[in-house]
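Quick note: the coordinates plus some simple rules give every number you see, no bench work behind them. Since we're looking at a predicted model, the values are computed, not measured. Backbone-built Cβ (ideal geometry, glycine too); neighbour counts: all protein chains shown.
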Amino acid sequence: MSATLHAGVIGVGYLGAFHADKYANLEGVELVAVVDTDLARAQAVAGRCHTQATADYRSLFDRVDCVSLAVPTPLHFQMAHDLLAHGVDVLVEKPMTTSVADGRALIEVAERGGRILQVGHLERFNPAIRALAGIITQPRFIECHRLAPFVERGTDVDVILDLMIHDLDVILSLVKDDVQSIEAVGVPVLSENVDIANVRLRFGNGCIANITASRVALKRERKIRLFQADMYVSVDYGERHVRVCRRQPAADGPTISVEEHALGDADALFDEIEHFVHAVRTREQPLVDGRTALRALEVAERIRGSMETA
């Protein structure tokens, strides 16, 4: 691999355009081209990123070392498979694929060819989630709400794969056991797919996670609360704020100490892409590789299979 890494971005809609901006500002990386079936949109992004535009992702096969893939979810499998098979390392937006079977097939082609496959579970790079390392050790109860106003983008899949998959990935990274049982209910409201869902997961170690995801809310909210012995932790993903409440022994009875951690501005997407570029250069497995992302996808598929819909 040359000293300069050659990168591309496939799909430069709302999120992919941000990917292009990050690559264009990464030292040691040349953004070779951006790709979109809407060539005018690709040309607009290419213009501000000082790169080329094309409508055919296959034109990148022999020109790039790595790509971000930010196309609609139903297209993830075929495009990622083609890229990996042609020797290109791939950062694919979440969810990795629409099915577990396709996810396993992607992992197989990546591992067979010695390719890097990273999945864009962005919350892992949120400083509020990173701050939980060493604090959350044995959670017993987790409550999570991820609410967003309705937009057409993302409605090609249900709210489980669109929004809840973020929290499934985070929760599975914190609870060191398997999901034993699932209760789930969902309602299609403004699309043909489920737009609001509530899920209760019971893990083998007894931990319970209660998760709500909605894309028909009036306001945006992304919060998770975690309870373990002698401690309560509240995380606001959007505000990048962590509150830690601990029980402290005292002569006249236990008291509660409160720690507030305001983590300030951060660019999680830049950090995620920089992490991917590092993995491409070093051939180290990324934080959220295909097998890690598959765990969340497997639970999501089980949720969808067990869901009662109204």
Checklist outcome for this item: For the Gln52, Asp252 Cβ pair and Förster radius 51 Å, calculated FRET efficiency rounded to 0.05 is 0.10
Item to check | the chain: relative contact order as a whole-number percent, Cα under 8 Å and 6+ apart | outcome: 18 percent
Checklist outcome for this item: Any GluC sites (Glu not before Pro) in the stretch 1-94 that lie in a DSSP loop and have at most 12 other Cβ atoms within 10 Å would be Glu27
Item to check | the stretch 70-147: equivalent-ellipsoid semi-axes (sqrt of 5 x gyration tensor eigenvalues, Cα, Å) | outcome: 29, 15, 12
Item to check | Tilt relative to the chain, helix 76-85 - C-alpha long axis, 0 to 90 degrees, to 10 | outcome: 60 degrees
Next on the checklist: I'd like to know how the chain sits against the 2.2 N^0.38 Å rule of thumb: what's its Cα Rg over that expected value?
Outcome noted: 1.04
Checklist entry - Excluding same-chain residues fewer than 8 positions from Lys219, which lysines have a Cα within less than 26 Å of its Cα? => result Lys94
Checklist entry - Can you give the relative contact order of the stretch 66-205 as a percent, counting alpha carbon pairs under 8 Å and 6+ residues apart? => result 19 percent
Item to check | Loop trypsin sites (Lys or Arg not before Pro), the stretch 76-180 (other Cβ atoms within 10 Å of the site Cβ: 12 or fewer; DSSP) | outcome: Arg153
Item to check | Descending Cα extents along the principal axes, the stretch 1-89, whole Å | outcome: 32, 30, 18
Checklist entry - What are the trypsin sites (Lys or Arg not before Pro) within the stretch 214-310 that DSSP puts in a loop, where the Cβ has at most 14 other Cβ atoms within 10 Å? => result Lys219, Arg220, Arg283
Item to check | Antiparallel %, DSSP beta bridges [both residues in the chain], to 5 | outcome: 60 percent
Checklist entry - In terms of modelled amide H atoms, which long-range or inter-chain residues lie less than 5 Å from the amide H of Asp65? => result His6, Ala7
Checklist entry - If you line up the long axis of helix 100-112 against the longest principal axis of the chain, both from Cα atoms, how many degrees apart are they, to the nearest 10? => result 60 degrees
